[in-house]
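The values are calculated or read from the model by the stated rules, or taken from the named source; none is laboratory data. Keep in mind that this is a model prediction, so the values were computed, not measured. Please note: Cβ atoms are built from the backbone with ideal geometry, for glycine as well, and neighbour counts cover all protein chains shown. Side chains included, ligands, DNA and RNA excluded: accessible areas come from the protein's heavy atoms. Shrake-Rupley method; radii C 1.70, N 1.55, O 1.52, S 1.80 Å.
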Amino acid sequence: MNKYGLGVLAAVFGVVVFAVPIGLRYSQATLLFGLIAAISAPIVIHRIPDKNWSLGMLLGLSLFASFPFKKLFQIDGFASEIPVTLAYATTLWVIGFGWKRSWR
């Protein structure tokens, strides 16, 4: 991992630390977490040289962004959480122009 990966991790951690004490509602957290993930997706896809770290961080961003959405709409259970997380991962892949990166 490089400085870009650490920057994304710091941003995600900072948003969580910021959101909890001020008591964001799930609707507000969904918007904030999704915005942070959308901004971070191109950085994760194109600035991290190792494809495995890049893909892992993209999936981590999708888990991060989908968490308040799943809580807002009370989506519980493995079978119903996976499609939501995959939809977020696909959206972040499209936002980050994932098809332009060589994943080999």
(request) Please determine, in degrees from 0 to 90 and to the nearest 10, the orientation of helix 51-72 with respect to the longest principal axis defined by the Cα atoms of the chain, where the helix direction is its Cα long axis. (result) 10
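Largest first, what is the accessible-area ranking of 88, 26 with a 1.4 Å probe? Walk me through the intermediate numbers first.
Details: 88 50, 26 110 Å².
Per-residue accessible area, sorted high to low, gives 26, 88.
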(message) Per DSSP helix of 4 or more residues, -39500 (n - 2.57); summed, then divided by the residues of the chain. What does that give at 222 nm, rounded to the nearest 500?
(response) -27000 deg cm²/dmol
(request) Kindly provide the pair-distance distribution of the chain built from C-alpha pairs, with 10 Å bins from 0 and whole-percent values in order of increasing distance. (result) 16, 46, 31, 7, 0
(message) Could you report the accessible area of residue 97 in Å², rounded to 10, computed with a 1.4 Å probe on the protein chains as they sit in the structure?
(response) 100
(request) Could you please put 93, 99 in sequence from largest to smallest accessible area, using a 1.4 Å probe? (result) 99, 93
(request) Beta carbons within 10 angstrom, averaged per residue: use that to sort the peptides 79-87, 2-10, 57-65, highest first. (result) 57-65, 2-10, 79-87
